[in-house]
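J.: Structure incoming, see below.
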Amino acid sequence: MHVVSDVHGNSRDLAAAGEGADALVCLGDLVLFLDYADHSRGIFPDLFGSENAGALVELRTARRFEEARALGRRLWGELDRTGASRESVIEEAVRRQYAELFAAFPAPTYATYGNVDIPRLWPEYARPGTTVLDGQRVEIGGRVFGFVGGGLTSPMRTPYEISDEEYAAKIEAVGEVDVLCTHIPPEVPELCYDTVARRFERGSAALLHAIRTTRPRYSLFGHVHQPLARRVRIGGTECVNVGHFNATGTPYVLQW
């Protein structure tokens with residue numbers, strides 16, 4: 001089993017990510033809105049240029065979220081005056097990325113949403129052989145896998161953020177599994193702190209509780225691109241950040 005997360009537009013490596021595996025698991029964040037390492041890549045710089053993208057990254061990294069939102073409002077306001085709808089422009093760009101990325105998925109692929117994804121668009125692009133799960137479980141090769149997608153509400157206001165209560169309900173619906181697959185990590189400081197963005201991303205207390213009580217063999221997740229720790233053991237559960245696939249192009253290999 002090969003596992004990837006935080007693909008962020010890397011369709012080239014995604015096309016090869018399933019080679020040699022019986023199945024591919026994708027834990028979301030297919031869309032590339034803004035690349036913090038390369039400010040010329042993504043929907044935002046395509047619309048507003050790499051200089052404005054760099055300014056936005058600098059403000060967000062410094063946690064100056066109000067100033068970042070003010071910059072965004074100014075730039076989008078200038079675009080609005082051209083007669084283009086913000087929503088339609090973003091959706092068109094996301095659709096172009098989804099067409100390329102879903103075409104790169106091998107069969108079988110099991111996928112869930114990341115916080116920057118737009119779930120309502122996925123049914124249009126998921127081909128036969130791609131199974132989308134969220135708050136659901138499936139048996140793969142004799143092991144039970146549970147999937148919970150999306151992120152928790154944050155100052156970033158990304159497209160697929162939900163309340164703690166809704167997220168906890170999805171975790172509960174999954175129940176006891178061998179492998180618990182989520183986009184975000186459990187609420188453990190060393191798994192949630194991004195050393196490059198220099199901030200804590202939101203992890204889930206409900207996920208941490210489920211790990212401690214249901215004791216899956218593995219907890220696999222992404223979301224934090226450069227964490228303090230990529231793996232932590234909680235009781236009998238191996239908690240693994242499966243990596244920022246956009247940057248590494250290398251899947252995590254899970255064998256049994």
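J.: Quick check: convex hull over the Cα atoms of the stretch 106-218, volume per residue in Å³, rounded to an integer?
T.: 118 Å³
J.: Which net charge results for the neighbourhood of THR248, defined as the other residues with beta-carbon distances under 10 angstrom from its beta-carbon, given Lys and Arg at +1 and Asp and Glu at -1?
T.: Here the count lands on -2.
J.: Taking the highest mean first, how do the peptides 71-79, 181-189 order by number of other beta carbon atoms within 10 angstrom per residue?
T.: Order by mean packing, descending: 181-189, 71-79.
J.: Follow-up question, since we're still on this one. Run the dipole for the stretch 72-128 about the Cα centre, Lys and Arg Cβ at +1, Asp and Glu Cβ at -1, nothing else charged, and hand back the magnitude in debye, nearest 20.
T.: 100 debye
J.: Tilt of helix 164-174 relative to the longest C-alpha principal axis of the chain, in degrees (0 to 90, nearest 10)?
T.: 30 degrees
J.: Additional query: Output the 0 to 90 degree angle, nearest 10, between the alpha-carbon long axis of helix 50-61 and the longest principal axis computed from the alpha carbons of the chain.
T.: The angle comes out near 60 degrees.
J.: Hey, could you grab the Kirkwood Rh for the stretch 1-148? Inverse mean 1/r over distinct alpha carbon pairs, Å, one decimal.
T.: One decimal place: 16.8 Å for the Kirkwood radius.
J.: Which peptide among 23-29, 237-243, 96-102, 83-89 comes first, and what is the full order, when sorted by highest mean count of other Cβ atoms within 10 Å?
T.: Ranked from most to least packed, the peptides come out as 23-29, 237-243, 96-102, 83-89.
J.: When every alpha-carbon pair in the stretch 169-256 is counted, what percent end up more than 20 Å apart?
T.: In whole percent, the share of Cα-Cα pairs in the stretch 169-256 beyond 20 Å is 30.
J.: Leaving ligands and nucleic acids out of the surface, order PHE147, PHE33 by accessible area at 1.4 Å, largest first.
T.: The ranking, largest first, comes out as PHE33, PHE147.
J.: Moving to a separate point now. How much of SER40 can a 1.4 Å solvent probe reach, expressed as accessible area in Å² and rounded to 10?
T.: About 70 Å², rounded to the nearest 10.
J.: Still on this structure, please answer the following. Could you do me a favour and compute the accessible area per residue for the stretch 38-163, 1.4 Å probe, result in Å²?
T.: 49 Å²
J.: Please compute the modelled spin-label separation between VAL253 and GLU92, points set 7 Å along Cα→Cβ, answer in nm with one decimal.
T.: 4.4 nm
J.: From the phi of every residue in the stretch 40-48, what ³J(HN,Hα) in whole Hz does the Karplus formula 6.51 cos²θ - 1.76 cosθ + 1.60 yield, where θ is phi - 60° and glycine or proline is x?
T.: Calculated HN-Hα couplings, in order: 8, 9, x, 5, 4, x, 4, 7, 10 Hz.
J.: When the dipole is taken about the Cα centre of the chain, and only Lys, Arg (+1) and Asp, Glu (-1) are charged at their Cβ, what size is it in debye, to the nearest 20?
T.: 340 debye
J.: Taking 8 Å as the Cα distance limit and 6 or more residues as the minimum spacing, I'd like the relative contact order of the chain as a percentage.
T.: 21 percent
J.: Further, regarding this structure: How large a share of the accessible area of the chain, in percent, is made up of carbon and sulfur atoms when the probe is 1.4 Å and the other protein chains stay in place?
T.: Answer for the chain is 49 percent, counting heavy atoms of protein chains only.
J.: What is the P(r) of the stretch 44-120, as percent of Cα-Cα pairs per 5 Å bin from 0?
T.: Pairs per bin, as whole percents: 3, 12, 18, 19, 18, 14, 9, 5, 2.
J.: Would you mind telling me the antiparallel percentage of the DSSP bridges in the stretch 101-256, rounded to 5?
T.: Percent antiparallel among DSSP bridges in the stretch 101-256 is about 40.
J.: Still on this structure: On C-alpha positions alone, give me the angle between the axis of helix 65-80 and the longest principal axis of the chain, in degrees, nearest 10.
T.: 60 degrees
J.: So, one more: At R0 = 22 Å, how high is the FRET efficiency between ILE234 and GLU176 if r is their beta carbon distance? Nearest 0.05 is fine.
T.: Computed FRET efficiency for ILE234 and GLU176 comes out at 0.90.
J.: On a 1.4 Å probe surface of the protein chains, which of GLU190, GLU51 comes out largest in accessible area, and what is the full order?
T.: GLU51, GLU190
J.: Next up: Given HIS2, THR131, GLN97, which one lies farthest toward the positive end of the charge dipole of the chain, if we put +1 on the Cβ of every Lys and Arg and -1 on the Cβ of every Asp and Glu?
T.: Toward the positive end, the furthest listed residue is HIS2.
J.: Same structure, new question: Using label points projected 7 Å from each Cα along Cα→Cβ, tell me how many nm separate ASP164 and ALA126, to one decimal.
T.: 2.9 nm
J.: Same structure, new question: Starting from the Cα gyration tensor of the chain, multiply each eigenvalue by 5, take the square root, and state the resulting semi-axes largest first in whole Å.
T.: 30, 21, 16
The values are calculated or read from the model by the stated rules, or taken from the named source; none is laboratory data. This structure is a prediction, so every number in the text was calculated from the model and none was measured. Positions of Cβ are backbone-derived with ideal geometry, glycine not excepted, and every protein chain shown enters the neighbour counts. Ligands, DNA and RNA are stripped out before the accessible areas are found, and what is left, the full protein with its side chains, is counted by its heavy atoms. Shrake-Rupley method; radii C 1.70, N 1.55, O 1.52, S 1.80 Å.
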